[in-house]
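The values are calculated or read from the model by the stated rules, or taken from the named source; none is laboratory data. On a predicted model such as this, the values are computed, not experimentally measured, just so you know. Quick reminder, even Gly has a Cβ in these numbers, built from the backbone with ideal geometry, and neighbours come from all protein chains shown. Heads up: the accessible areas ignore ligands, DNA and RNA and are worked out on the full protein's heavy atoms, side chains in. Shrake-Rupley method; radii C 1.70, N 1.55, O 1.52, S 1.80 Å.
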Amino acid sequence: MSLITDTCSPRTMNIQTYSQEVVNLHTHSFYCGHGTGQVSEYAQAAIEQGLEVVGFTEHCPVPDSRWARTRMSYEQMSQYEEDIRQVQQQEKLAVFTAYECDYLPQYQSYYKELKENVDYLICAIHDLSFDSNREYSVFWNTLTKEDLGLYTDLYCKALQSGLFLFGAHPDVFAYNYHTWDEEAKACSKAIIECAVSEGVALEINANGLRKRKVKTAEGERYAYPLLPFWQLAGEYPLKVVTNSDAHKPVEIRADQDKTFALAEQVGLSFVSYSLQDGQIQLV
Ligand SMILES: [Zn+2]
Ligand SMILES: [Zn+2]
């Protein structure tokens with residue numbers, strides 16, 4: 001009898017669970033400079049397309065203006081967060097304030113403080129330069145084996161930082177590293193094993209499906225998700241999520257069918273989310 005009472009306590013009744021089908025936690029906007037559309041337009045599109053939970057994860061500026069070509073200015077952050085507050089009172093949609101953070105160890109305390117004031121953070125590695133005046137984007141350069149090693153090292157440091165709900169597009173290196181060779185295998189294995197040991201989820205990202213296809217010796221493939229990466233992941237007890245990584249309102253739920261098909265093909269199943277007292281977590 002007491003068990004039944006516990007189950008019905010107000011505390012546990014507040015928990016809601018959402019499957020990946022109705023959630024998109026990786027969303028951009030005009031703020032980053034390479035996306036289009038207002039926050040309100042994304043929220044509207046989310047409702048129209050049947051989503052129940054949306055998280056805005058604009059590329060996070062840092063105080064020294066590093067990576068300025070691909071993100072809003074530091075001064076715009078409060079307006080971005082205010083725009084999200086304006087769409088948070090929707091009956092049909094839970095809306096979260098978040099950032100996608102490129103990780104470098106010197107920003108650990110900055111991101112930690114930021115995390116206290118938003119709903120969650122996600123990590124990614126888009127740039128491989130340590131010089132704050134020089135950008136070396138994985139999208140703009142052919143990656144060498146050394147670049148791939150550096151990418152992996154930074155990605156694992158991010159996963160180990162304890163700051164992030166999930167790691168975004170861990171296989172984004174495949175956009176400009178076109179061979180599935182020993183380095184690619186070793187680096188993929190290192191990232192996957194790090195995510196498993198840290199208990200952080202990795203993301204099958206649909207935005208790579210919308211980029212130009214890559215020509216390899218084995219034929220054409222998507223820029224990312226990279227099939228062999230996820231086949232390898234299928235051998236581990238890895239937590240996996242999927243997101244649109246929308247940069248236009250119309251993309252808010254785009255290509256979900258394809259990422260679900262990929263997960264099924266490699267034997268991965270997606271985790272769900274729980275929402276309790278305004279906090280979103282993986283379950
Ligand atoms: Zn972006
Ligand atoms: Zn993104």
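Can you report the number of residues in region 104-136 which are hydroxyl-bearing (Ser, Thr, Tyr) and either surrounded by 21 or more Cβ atoms within 10 Å (Cβ to Cβ) or at pLDDT 95 or above (or both)?
Of the residues in region 104-136, the ones hydroxyl-bearing (Ser, Thr, Tyr) are 107, 109-111, 120, 129, 132, 136.
From what's left, either surrounded by 21 or more Cβ atoms within 10 Å (Cβ to Cβ) or at pLDDT 95 or above (or both): 107, 109-111, 120.
The qualifying residues number 5.
Somewhere in region 215-226, is a residue crowded, with 22+ Cβ neighbours inside 10 Å, in a helix (DSSP H, G or I) and within 16 Å of ligand 2 (Cβ to nearest atom)?
Among the residues of region 215-226, not one is crowded, with 22+ Cβ neighbours inside 10 Å, in a helix (DSSP H, G or I) and within 16 Å of ligand 2 (Cβ to nearest atom), which makes the answer no.
Out of all the residues in region 227-240, which are open to solvent by less than 60 Å² (accessible area, probe 1.4 Å) and either part of a loop (DSSP other than H, G, I, E, B) or under 21 Å from Ile47 (Cβ atoms) (or both)?
Looking only at region 227-240, we keep the residues that are open to solvent by less than 60 Å² (accessible area, probe 1.4 Å), and these are 228-230, 232-234, 236, 238, 240.
Matches in region 227-240: Gly234, Tyr236, Leu238.
Looking for whichever is within 16 Å of ligand 1 (Cβ to nearest atom), closer than 30 Å to Arg71 by Cβ and in contact with a strand residue (DSSP E or B) (Cβ under 7 Å, 6 or more places away or on another chain) here; the options are Glu203, Glu251. Which one fits?
Numbers: Glu251 fails: in contact with a strand residue (DSSP E or B) (Cβ under 7 Å, 6 or more places away or on another chain).
Being within 16 Å of ligand 1 (Cβ to nearest atom), closer than 30 Å to Arg71 by Cβ and in contact with a strand residue (DSSP E or B) (Cβ under 7 Å, 6 or more places away or on another chain) holds for just one of Glu203, Glu251, which is Glu203.
Considering only residues of region 243-265 that are open to solvent by less than 20 Å² (accessible area, probe 1.4 Å) and either part of a loop (DSSP other than H, G, I, E, B) or touching a His at 6+ places or on another chain (Cβ under 9 Å) (or both), which is farthest from ligand 2 (Cβ to nearest atom)?
To start, the set of residues in region 243-265 that are open to solvent by less than 20 Å² (accessible area, probe 1.4 Å) comprises 243-246, 252, 259, 263.
Subset that is either part of a loop (DSSP other than H, G, I, E, B) or touching a His at 6+ places or on another chain (Cβ under 9 Å) (or both): 243-246, 252.
On the way: Asn243: 8, Ser244: 9, Asp245: 4, Ala246: 9, Ile252: 13 Å.
My answer is Ile252.
Every residue, every condition in (1) within 10 Å of Ile204 (Cβ to Cβ); (2) among the small types (Gly, Ala, Ser); (3) free of Cβ contacts under 8 Å to residues at least 12 places away in the same chain, yes or no:
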site	(1), (2), (3)
Leu227	no, no, no
Leu238	no, no, no
Asn243	yes, no, no
His247	no, no, no
Ala261	no, yes, yes
Ser269	no, yes, no
Ile280	no, no, no
